[in-house]
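K.L.:
Got a structure for you, questions after.
The values are calculated or read from the model by the stated rules, or taken from the named source; none is laboratory data. Everything numeric here is computed off the predicted structure, so don't read it as measured data. Reconstructed Cβ throughout: ideal geometry from the backbone, glycine too, with neighbour counts over all protein chains shown. Just the protein is used for accessible areas: all its heavy atoms, side chains included, with ligands, DNA and RNA removed. Shrake-Rupley method; radii C 1.70, N 1.55, O 1.52, S 1.80 Å.
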Amino acid sequence: MAGREVDHLLIGGGLAAASCAAELRAQGADGSILVVGREPDAPYDRPPLSKGYLRGEVSRADALVHPEGWWEAQSIELRTRTSVMKLDAVERLATLSDKDEVHFGQALLATGANVRRLRADGADLDGIHYLRAFGNADAIRAEAEQAERVVLIGGSYIGCEVAASLVAGLGCECTVVMQEQVTFERQYGAEVGGFFQGVLEDRGVTFHGGDELERFEGSDGRVRRVVTVGGLELGCDLVVVGAGVVPDVMLARRAGLQLGDSGGVACSSSLQSSVPGIFAAGDVCEYDSPLHGRAIRVEHFDVAAAHGRTAARTMLGQDVVHEVVPYFFSDLADWASMEYVGPGAGEPVIRGSIDDGDFTAFYVDGGRVTAALTVGRPDDLDHARRWIGGGGAPDRDALADEGTDLSCP
Ligand SMILES: Cc1cc2nc3c(=O)[nH]c(=O)nc-3n(C[C@H](O)[C@H](O)[C@H](O)COP(=O)(O)OP(=O)(O)OC[C@H]3O[C@@H](n4cnc5c(N)ncnc54)[C@H](O)[C@@H]3O)c2cc1C
């Protein structure tokens with residue numbers, strides 16, 4: 001048989017693959033493990049890219065998932081700058097970009113997500129950036145050091161976090177253009193989103209809601225102006241676009257794996273894909289969540305790590321089900337932090353004071369708590385986790401009443 005053989009092939013050099021590799025060894029797997037990642041760096045945490053790393057407070061080494069030397073010590077082969085180009089799910093054969101062929105016993109698809117790119121006139125001008133990798137953050141920081149005016153397209157996590165970092169770290173003048181009326185409105189509602197927008201406005205960030213990009217204009221090949229559908233003409237030295245991500249299913253689709261409604265790799269509750277022996281984890285994984293009673297796919301740091309652990313245990317034949325309530329966090333410099341469990345929709349019920357920046361929004365749908373966001377009240381998230389998992393939350397008035405002891409509904 002041509003090519004080499006490995007027991008566990010982990011495709012994608014991100015957090016999910018790194019977490020799966022660690023859990024395989026922690027659970028006693030002594031077979032060969034090969035991690036193949038497209039990027040030049042060993043797996044690293046992406047959250048600092050829009051936060052501490054962008055501000056120059058976190059180093060590359062600090063952001064690594066596992067420290068230098070860990071991979072060798074664990075006898076795990078890590079091949080960076082290498083892509084899996086083709087996956088033959090029947091023959092269990094992967095073809096790598098360096099033409100190597102790898103026969104595998106089991107494979108994990110942890111190919112993550114790609115940024116959603118905007119199509120507009122001027123989109124290829126210099127000075128327009130997206131943010132997903134170390135190199136993007138380096139480029140944004142280098143240009144922001146010379147820039148006065150920055151326009152952010154998109155009023156969600158990337159737009160808001162980058163605006164906060166560029167104001168706090170580099171003193172840039174930041175303007176956000178977004179389709180929503182209020183930042184984070186789509187995820188958390190206008191009232192809660194308004195809190196975060198207010199935090200940024202208090203530090204000088206300008207928002208233009210209910211508008212969107214029409215085109216970029218430039219001179220000498222570099223972006224100089226953002227023109228919006230609503231008729232604004234915003235002069236700028238730098239643009240950062242945060243318009244969401246799409247799961248990277250190119251390899252999975254070509255390999256014939258079933259995809260789910262949200263475009264991820266469809267998986268069982270134990271993260272097994274439609275093809276036996278092939279699993280998925282992280283941003284690319286759409287799995288049947290027993291806690292939610294439906295398939296979900298989320299792009300959260302903690303979820304990628306937890307998926308990696310579940311997939312590893314499933315690979316080793318353990319009877320596991322992924323029953324972790326997804327958790328998300330976001331920081332706007334050191335001005336405000338949010339923590340969220342969900343995902344879920346519903347009417348927000350506010351406990352505490354939004355004005356004072358000390359509150360939890362419980363999202364209630366048909367009497368059930370489906371999600372919660374907190375600023376400064378982590379205990380409330382523990383209650384929400386319990387209710388998302390098993391129901392039994394207090395009614396809306398009791399949730400909002402600070403006199404109610406949430407630990408005994
Ligand atoms: C700027 C930024 C800030 C964030 N902040 C937060 C936050 O505050 N809180 C939070 O919860 N989440 C945050 N996230 C999201 C979080 O980082 C992701 O959910 C997480 O990185 C997903 O991990 P993953 O391993 O699934 O995918 P990824 O981290 O995307 O890794 C996938 C890797 O696979 C590689 N790859 C793809 N195809 C192939 C192939 N065919 N062959 C080889 N390699 C391949 C990709 O190049 C990539 O390196 C942030 C993300 C970004 C970009």
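K.L.:
Considering only protein heavy atoms and a probe of 1.4 Å, how much of the accessible area of segment 20-71 is carbon and sulfur, as a whole percent? Mind dumping the intermediate values first?
P.N.:
Numbers: 1020 of 2160 Å².
Its accessible area is 47 percent carbon and sulfur atoms.
K.L.:
For residue 289, enumerate residues with amide H under 5 Å from its amide H, sequence gap 5+ or separate chain, H modeled in the peptide plane.
P.N.:
Here 294, 295, 296 satisfy the definition.
K.L.:
If you plug each phi of segment 321-336 into the Karplus form 6.51 cos²θ - 1.76 cosθ + 1.60 with θ = phi - 60°, what whole-Hz ³J(HN,Hα) values come out, in order, with x for Gly and Pro?
P.N.:
Per-residue couplings from phi come out as 10, 7, 10, 9, 6, x, 10, 9, 9, 8, 10, 9, 6, 9, 8, 7 Hz.
K.L.:
Compute the distance from the alpha-carbon center of segment 289-349 to that of segment 230-248, in whole Å.
P.N.:
28 Å
K.L.:
Let me ask something else about it. For residue 170, what accessible surface area do you get with a 1.4 Å probe? Give it in Å², rounded to 10.
P.N.:
Looks like 50 Å² after rounding.
K.L.:
Given labels modelled 7 Å from the Cα in the Cβ direction, how far is it in nm from residue 347 to residue 206?
P.N.:
Using points 7 Å along Cα→Cβ, the separation is 3.8 nm.
K.L.:
Next question. Could you provide, to the nearest whole Å², the per residue accessible area of the chain with probe 1.4 Å?
P.N.:
Result: 42 Å² per residue.
K.L.:
Karplus couplings for segment 369-375 from phi (6.51 cos²θ - 1.76 cosθ + 1.60, θ = phi - 60°), rounded to Hz, Gly and Pro as x?
P.N.:
Values per residue, Gly and Pro as x: 7, 9, 6, 7, 10, 10, 10 Hz.
K.L.:
What are the ³J(HN,Hα) values, in whole Hz, obtained from phi via the Karplus relation 6.51 cos²θ - 1.76 cosθ + 1.60 with θ = phi - 60°, for each residue of segment 80-89 in sequence order, with x given for Gly and Pro?
P.N.:
Going residue by residue, I get 8, 6, 9, 10, 8, 8, 8, 10, 9, 6 Hz, with x marking Gly and Pro.
K.L.:
Using a probe of 1.4 angstrom, how much of the accessible area of segment 292-386 is carbon and sulfur, in percent?
P.N.:
Accessible surface attributable to carbon and sulfur in segment 292-386 totals 43 percent.
K.L.:
Here's a follow-up. Would you tally the net charge around residue 306, using a Cβ to Cβ cut-off of less than 12 Å, leaving residue 306 out, and scoring K and R as +1, D and E as -1?
P.N.:
On the way: positive: 309, 313; negative: 23, 302, 323.
So the surrounding residues net to -1.
K.L.:
Take the Cβ-Cβ distance between residue 302 and residue 229 as r, set R0 to 22 Å, and report the resulting FRET efficiency rounded to the nearest 0.05.
P.N.:
0.05
K.L.:
Which whole-number percentage describes the relative contact order of the chain, with Cα contacts under 8 Å and a sequence gap of 6 or more?
P.N.:
Relative contact order here is 15 percent.
K.L.:
Might you work out the accessible area of residue 116 for me, using a 1.4 Å probe with all protein chains in place, and round it to the nearest 10 Å²?
P.N.:
110 Å²
K.L.:
P(r) of the chain in 10 Å steps, Cα pairs, percent per bin?
P.N.:
For the chain, the pair-distance distribution reads 5, 21, 28, 26, 16, 4, 0.
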